[in-house]
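Colleague: Below is one structure. I have some questions about it.
The values are calculated or read from the model by the stated rules, or taken from the named source; none is laboratory data. Only a predicted model underlies this, so the values are computations on that prediction, with no experimental measurement involved. In this analysis, Cβ positions are derived from the backbone assuming ideal geometry, glycine residues included, and neighbour counts consider all displayed protein chains.
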Amino acid sequence: MANNIAFQAMGKTYKIACPTANTAVTIAITADSPCQQYAVACHTDASKPIYFRISTSNVAAVLPTATGEYSQLVPPSARVIVTGPQTSNTTTVYVSAISEANNGEMYITPGEGL
């Protein structure tokens, strides 16, 4: 359940490197205790956003199109908090990221709060 409190990390921070533009990278993450919110931060050399997807299955993020895609945007040099599938020390979720620019980096931390 989402909490109306300052964000509290409840697991490790993971880095997703996107070295090649328009190529999705997917990793598996867990948390130390059950939670379903994520702090997501973006850094790209070319000032382009990163699009990401959090899922219970290994599904790649896709750049948005006119018909729509299941990816969320995090602007360059920004941090957002999103709610997604619950993760824990026994439940894995998959995070996929894709960037329009080379050398994109996204950081994601499971936790709770705003």
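Colleague: Among (1) among the polar types (S, T, N, Q); (2) surrounded by 19 or more Cβ atoms within 10 Å (Cβ to Cβ); (3) over 19 Å from Ala78 (Cα atoms), there is one condition Gln37 misses while meeting the rest; what is its number?
Modeller: Just one mismatch for Gln37, condition (3).
Colleague: If you don't mind, another one. What number of residues within the stretch 1-32 are over 14 Å from the mean Cα position of the chain (by Cα) and within 14 Å of Arg53 (Cα to Cα)?
Modeller: 1
Colleague: Next up: Quick test for you: out of Ser47, Ser57, pick the one residue that is at pLDDT 95 or above and more than 13 Å from the chain's Cα centre (by Cα).
Modeller: Result: Ser57 is the single residue among Ser47, Ser57 that is at pLDDT 95 or above and more than 13 Å from the chain's Cα centre (by Cα).
Colleague: Can you pull out the residues in the stretch 2-31 that are within 20 Å of Thr83 (Cβ to Cβ) and either without any contact (Cβ under 8 Å) to a residue 60 or more places away in the chain or in a strand (DSSP E or B) (or both)?
Modeller: Step one: filter the stretch 2-31 for residues within 20 Å of Thr83 (Cβ to Cβ), giving 2-14, 16, 26-31.
Result: Gln8, Ala9, Tyr14, Ile16, Thr26, Ile27, Ala28, Ile29.
Colleague: If Gln86 satisfies all but one of (1) in a loop (DSSP other than H, G, I, E, B); (2) of a type outside the set (Gly, Ala, Ser); (3) farther than 15 Å from Phe52 by Cβ, what's the number of the condition it fails?
Modeller: (1)
Colleague: Just checking, which of Ile81, Ile29, Ile50 is touching a Cys at 6+ places or on another chain (Cβ under 6 Å) and among the β-branched types (Val, Ile, Thr)?
Modeller: Only one candidate passes the filter, namely Ile50.
Colleague: Any idea how many residues of the stretch 74-114 are of a type in the set (Gly, Ala, Ser), crowded, with 17+ Cβ neighbours inside 10 Å and either modelled with pLDDT under 95 or more than 13 Å from the chain's Cα centre (by Cα) (or both)?
Modeller: Selection size over the stretch 74-114: 4.
Colleague: Name every residue in the stretch 103-114 that is over 9 Å from Thr30 (Cα atoms) and out of contact with any Asp or Glu (no Cβ under 7 Å at 6 or more places or on another chain), in order of residue number.
Modeller: The answer is Gly104, Glu105, Met106, Tyr107, Ile108, Thr109, Gly111, Glu112, Gly113, Leu114.
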